[in-house]
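A short reminder: the numbers here are calculations on the coordinates, not readings from a lab. Note that the structure is a prediction, hence the values are computed from the model and not measured. Cβ: placed from backbone, ideal geometry, glycine included. Neighbour counts: every protein chain shown.
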Amino acid sequence: MVKAFERQNPGIRLQIIEGPNATNLIEDLYTSAFLLGDSPYDIVNMDVIWTPKFAGAGWLMDLTDQVSEQELQAFSRQDVEGGKYQGRLYRLPVRSDAGMLYYRKDLLAEAGLEPPRTFAEMESISQKLQEQGKARWGYLWQGRQYEGAAAMFVEVLQGFGGFWVNPETLEVGLDRPEAVQAIEFLRGTVSKGISPPGVTTYMEEDTRRIFQAGEAVFLRSWPYVWPLANGEKSPVKGKVGIMPLVGTAGHPGGSCLGGWGLGISKSTRHPQEALKAIRFLTSEAAQKEFILEAGYVPSRKSLFTAPEITAKYSHYPQLLEVVNKAVLRPPIAQYAQASDILQRYLSAALTNQQSPQQAMQAAANETRRLLEAGRPAQTAT
Amino acid sequence: MQAASGNTIRAREQRTGFYLVLPAVLLLLLVFAYPILRSLWLSLFSQNLATELKPVFTGLSNYTRLLGDGRFWQTFWVTARFTTISVVLELALGMAIALVLNRAFRGRNLLRTIAIIPWALPTSLIALGWTWIFNDQYGIVNDILLRLGLIQTGVNWLGEPFTANVAVIFADIWKTTPFISILLLAGLQSISPDLYEAYSLEGATPWQSFYRITLPLLMPQIIIAALFRFAQAFGIFDLIQVMTGGGPGGATEVVSLYIYASAMRYLDFGYGSALIVVTFLLLVLAIILCVSLLKARSRKLESLES
């Protein structure tokens, strides 16, 4: 890939620096590099939730005038939105990621059931199959106090028609009835025996292991589960279906948007070359190669249905549906802090340390204080 | 004449001594005093995303914010509780293991080596292992307890504030007790067996000889081990980050996790520095208190002896 770029662009050398294997460590790496000034990197590969912070800190080059609206049309709309901060573009999406619902299509078909459309239907299907002894657990989700729980909660919140923070008005929606309903739903899955009590301590891998062992009907997770669940030795190989997350009547569910994209460091001495490189790396040809090699989810709409790709990954057209329903976590500069506030109170509510009302009221108040204190950064451009 | 030359020799020696110490002093100043003073300085500024990372002098406002910051005080008490419980239990257990390892028996050297292994392994890997061990579904702790009939349904170890704290303290004790027992073992081996022999001839019970000989003579090592562990446990990060991430609901969040989040994730450097300064001062205060208590106690012991 690098060689192809260098062949097409003589005079530009592209050096890829390999980072640590954990997302938060890469974030630390960039943060330290930017703080020391004069970042050694020209191009930054960013998770969707860092973009506002890095842009707010003034570390990224504004790409708005460099990339035309027409060019952006080819990308999934949500992925482009995830690269924006206060209406300006700072990142071109290179790979998409979104939360989705995995379900055991064999068990549902056996029982003559349709895939659920609402949380209530999902619960009743789970209970039915659990009673019949088809599966030990109904629904698996990630409830440990960490970023993944915030992502999971955004989806449930969307499914109840609620919201977290409105990035334009900075209104906080956590103390509205929808947020309380969302928590009551999640608590209910545990108290009704649909989810194991340990979901409040689980991360992605804990839930995948149980699902892949064939012990659960539904799993909320990311696209990475698909190839593993359908691996040679997987007990649920070929028995898994995927669909967008469910919601309630009148409120279709949402999928939390993840994904990575490329931005340019403000202190770069090679802005033009860097721009060429990110155009190349996000291009159709380059993404196709990434996808076929590593199984990434594309950020360009056309690739979800490209024949070469669907030949290898038959589920990609369905993935497009998921990505199209994706919701962003609030693109505000203080996202990390806002997320921590939510995570703490969400975890306290999920583990019955506080009532949903109490927890969400406190979380909403703290979030409002945070946004109030940070207003200068929000209005500065 | 004689006296004068003695003076110059001493003066010369002192000067040599000074030069020899100088590099170490400079190094200490550089790696200890500089960061602490710099944190103190930074803590008087607001430097965060709201100021676009430019330092703005705000005096003591970070400190007034800290006084009302429930999250800080919660993390502080969690850390204090974690540290006290784990260090006390580690000392007791470490002492017991050291006493056993001090006996002559076959395979003692092998056992000593094995005993140190937990301490030598990287903490984050250990923590991952403990996370699995305490998993509510496939964890081995629940499996053992269920088989023994001690519990009827699996305990959600990392999901309840109390059991999560028990789990992280347990993991920490497992990990660092060997460190204490090795330190104490070294101390035990420096105590002459003659003392015990003489004392037992006078009809002392093993318990008496432990209390009157071993404990007082081992006091320096105990204090060193306790101080070491105290400082280390207070700064615990990796074990808790991996096992619970501070959850559930912040019930296991320790000070270092909060400081890390403030500085590296929220980019709130002024406030992060204030957190560091206050934690540092409280820690120094705790150590001074502990040491003076121990000193008073050992003085009492000495006066009893004489």
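Given the options A:I183, A:I17, A:I341, state which has the largest fluctuation in a GNM of chain A using a 10 Å cut-off (strictly under) for Cα springs.
A:I17
Jot down the per residue volume, in cubic angstrom and as a whole number, of the convex hull over the alpha-carbon atoms of the protein assembly as shown.
Values: hull volume 165.5 nm³, N = 687.
Here the figure is 241 Å³ per residue.
Gap in Å between the Cα centre of segment A:294-348 and the Cα centre of segment A:229-261?
11 Å
Which residue fluctuates the most in chain B, going by a Gaussian network model with Cα springs under 10 Å, if the choices are B:E197, B:E160, B:E13?
B:E13
Quick one: net charge around B:V278, please, counting Lys, Arg +1 and Asp, Glu -1 for every other residue with C-beta under 15 Å from its C-beta.
In short, 0.
For segment B:6-83 and segment A:159-179, compute the distance between their C-alpha centroids and round to whole Å.
42 Å
Cα-Cα over 19 Å: which of A:K237/A:K312; A:K128/A:K325; A:K233/A:K288? Don't skip to the answer; put the middle values down first.
Details: A:K237/A:K312 16 Å; A:K128/A:K325 28 Å; A:K233/A:K288 27 Å.
Violating the 19 Å limit, Cα to Cα: A:K128/A:K325; A:K233/A:K288.
Set Lys and Arg Cβ to +1 and Asp and Glu Cβ to -1, take the dipole of chain A about its Cα centre, and tell me which of A:S234, A:T201, A:V48 lies farthest positive.
A:S234
Which whole-angstrom value gives the distance between the alpha carbon centres of segment A:1-74 and segment B:117-176?
40 Å
Semi-axes of the equivalent ellipsoid of segment A:335-379: what are they in whole Å, largest first, if each equals the square root of 5 times a C-alpha gyration tensor eigenvalue?
On the way: eigenvalues 110, 20, 4 Å².
Calculated on Cα positions only, the semi-axes equal 23, 10, 5 Å.
Output needed for chain A: three equivalent-ellipsoid semi-axes, defined as square roots of 5 times the C-alpha gyration tensor eigenvalues, in descending order, whole Å.
So the three semi-axes of chain A are 35, 27, 17 Å.
What net charge do the residues around A:V225 carry, taking every other residue with its C-beta under 11 Å from that of A:V225, with Lys and Arg at +1 and Asp and Glu at -1? Write down the numbers at each step before the final one.
Values: positive: A:R208, A:R209, A:R220; negative: A:E204, A:E205.
Net charge in that neighbourhood comes out at +1.
Name the residues of segment A:88-104 whose amide N is less than 20 Å from a point 7 angstrom out from the Cα of B:Y138 along the C-beta direction?
A:102-104
How many nm is it between the label spots at B:L99 and B:T84, if each spot is 7 Å from the Cα in line with the beta carbon?
It works out to 2.5 nm between the two label points.
As a test of understanding, state the convex hull volume per residue of segment A:1-90 from its alpha carbons, in Å³. Could you put the intermediate results ahead of the total?
Working: hull volume 12.4 nm³, N = 90.
Normalising the Cα hull of segment A:1-90 by residue number yields 137 Å³.
Considering just Cα atoms, how many Å³ per residue does the convex hull of segment A:1-54 enclose?
Values: hull volume 5.7 nm³, N = 54.
It is 105 Å³ per residue.
How compact is segment B:99-216 by the rule of thumb for globular proteins, expressed as Cα Rg over 2.2 N^0.38 Å?
1.47
Which of the three applies to chain B, rounded, prolate or oblate, going by the alpha-carbon gyration tensor with a ≥ b ≥ c and a/c under 1.5 meaning rounded? All intermediate terms of the calculation are to be shown ahead of the outcome.
Working: a/c = 2.22, a/b = 1.07, b/c = 2.08.
Note, shape of chain B comes out oblate.
Measure nothing fancy, just the Cα-based angle from helix A:271-281's long axis to the longest principal axis of chain A, in degrees from 0 to 90, nearest 10.
Result, in degrees: 40.
Mean residue ellipticity at 222 nm from the helices of chain A, using -39,500 (n - 2.57) per DSSP H segment of n ≥ 4 over the full residue count, to the nearest 500 deg cm²/dmol?
Numbers: 18 runs with 173 residues, N = 381.
-13000 deg cm²/dmol, from helical runs alone.
By Kyte-Doolittle mean hydropathy of at least 1.0 and Cα axial length of at least 24 Å, which whole DSSP H helices of chain B are selected?
B:70-102, B:161-189, B:215-234, B:269-305
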